Each structure stands twice: as structure tokens, then as C-alpha cells.
Amino acid sequence: MNNFQRRKFLKTLGAVAAVSALSKGRSTATATPRVVVVGGGFGGATVAKYLRLWGGNVNVTLVEPNPTHYSCILSNLVVTGALGMGSINLNYDTLRNLYGVNLLAGKAIAIDGAGNKLTVSTSTGNVTLPYDHLVLSPGIDFVPPPAGYWNSSLTPHAWQAGSETTLLKNQLAAMRNDELFVMTVPKSPYRCPPGPSERACVVADYLKRKKSRWLESHSAGCQR
Ligand SMILES: Cc1cc2nc3c(=O)[nH]c(=O)nc-3n(C[C@H](O)[C@H](O)[C@H](O)COP(=O)(O)OP(=O)(O)OC[C@H]3O[C@@H](n4cnc5c(N)ncnc54)[C@H](O)[C@@H]3O)c2cc1C
């Protein structure tokens, strides 16, 4: 990364923080700038990593409640059985040990924009983190359907990798040939614009292969 790109990256980060009114005047700035990043998904983890790589002498703390991150990106491969959940479970060891990012296990619950402080709820109580720059990367959350319209143990959406991914995989594996797979496209905005098309193709391919395997074994049985 040359100096120009590095400066541009830091300038952009500064601009984002300024727009969000989360970065205050230099009076609170320290000799080693403190950047707090909320959210250890791909967004937050990437910012944390590249701040440490390109940011020079920057103290970076990543706040994330979960000890590991399940990759949504790879989750369709779990749905078809090509990968296990363990393969898409990513930990933060490299961020911590190789890039020197500080990890704080907890959930950001309050921002004091005037005082440049973030309050984090942790297993041992609330912690206050002072910052010079704050990056918010908490991803998106779900808007639940009205009560009675959705039963997650019957109709998983599996748009967030985790237990629903496993449930959908098991449901697909248990499908009989005369059963129908129905999926809907989430209302925008949602986690991944090409996600539904990708899942439809992956599931169609999986069921086609599964069915042809069934046909092969069925016809082999008939020949005997
Ligand atoms: C099936 C599927 C396939 C996909 N395929 C692709 C693909 O091929 N390529 C691609 O680029 N993208 C793909 N995507 C999209 C991609 O997964 C998302 O764009 C990406 O995960 C978003 O990352 P994020 O860091 O913004 O948010 P998230 O991954 O949601 O991470 C947010 C993090 O913030 C944490 N958090 C939330 N609130 C707080 C809080 N208050 N305090 C502290 N931490 C908090 C959460 O625990 C979480 O770890 C796919 C998505 C799906 C569902």
C-alpha cells in the first residue's frame, strides 16, 4: 500500500466518523490514536486489520459479543453438505496475535458522542472505552414477521449463518422426491442482494443431484 492510498483510506475513515458525529476535536486525541470498532463481522474485522496494517501507530480495539464468527458467505456450502459448520466458523486469533488488534468481548450499548466514550456490556459488567475515532459496523438485524406468520423451527430463513443453517441443511437432506422446496426473497434491504438467487441455484443443483442419485439406485435395484 503506497502512502497516497494509505492517506486516502485514513481520510475516508475519518470522514465517516465525522459524518456520524462520533469523532470529536483534537482536544481528546492522544499521541497514539485510539480507534474502537464495533462489530467483528467482515466489515469491522477488515477495518480493524487494515488500520493496524496501514494506520501506523494506531491502537485498535474490536468490540464483538461472539467469540467466533460464522461466515454467511460460505453458509450455502453447509446447506448442501459440502462443508460442515466448523469450516465456516472463523475465530479472531489472527487479528489479535498477528495484527495486534485488542479484542473486547461484549456488546456496545451506549455512545457518548460528546465525551468520546463507548459503553460496552460484558460478562463482568459494563466497561467504558474512550476513543478518538469510533467505527460502527454492527451489520443489519431482522425485522420479525407478525406473530403467527413464521415458525423458525419449521421455516428457517438461514440468512444469518448459525443454527438455522444446520436446520435448513437437515430439512433438505430429509426431503422426499415428491416434496416441494419453496423459498421467498426477503424484502429489501437485506444481507446480500445475490444471496437468494445463489441459494435457489445451489438448492436446485443439490436436489437435482440427490434425485438423480435416488433414480440411479432405484433403477439399479430394479435390474437386480
Ligand atoms: C447466504 C448468503 C451468501 C452470501 N454470499 C456472499 C458472497 O458470496 N460475497 C459477499 O461479499 N457477501 C456475501 N454475503 C453477504 C455478507 O455475508 C454480508 O454482506 C456480510 O456478512 C456483512 O458483514 P458485516 O460485517 O457488515 O455484518 P455482520 O456479518 O452482520 O457482522 C456484524 C457483527 O457485529 C456484531 N454486533 C452487532 N451489534 C453489536 C453491538 N451492539 N456491539 C458489538 N458488536 C455487535 C455482530 O455480532 C456481528 O458479528 C452473503 C450473505 C448470505 C446470507
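Compute the FRET efficiency between Thr68 and Asp205 as 1/(1 + (r/R0)^6), taking r as their Cβ-Cβ distance and R0 = 35 Å, and round to the nearest 0.05.
Once rounded, the FRET efficiency stands at 0.75.
Can you sort Asp141, Asp205 by how many other beta carbons sit within 10 Å, fewest first?
Values: Asp141 7, Asp205 11.
Result, fewest neighbours first: Asp141, Asp205.
In what sequence do Tyr92, Tyr149, Tyr131 fall when counting other Cβ within 10 Å, fewest first? Before the final figure, lay out each step's value.
On the way: Tyr92 20, Tyr149 8, Tyr131 25.
Listing Tyr92, Tyr149, Tyr131 from fewest to most nearby Cβ atoms yields Tyr149, Tyr92, Tyr131.
Once the piece of chain linking Asp141 and Ala173 is laid out straight, how much longer is it, given 0.36 nm per residue of separation minus the C-alpha distance between them? Can you show the working numbers first?
Working: separation 32, 0.36 × 32 = 11.52 nm, distance 2.82 nm.
Additional length available on full extension: 8.7 nm.
Taken together, the values in this text are just the output of simple stated rules run on the coordinates, not laboratory data. The shown structure was predicted, so the numbers you read here are calculated from the model rather than taken from an experiment. All Cβ positions, even for glycine, are placed from backbone atoms using ideal geometry, and neighbour counts span all protein chains on display.
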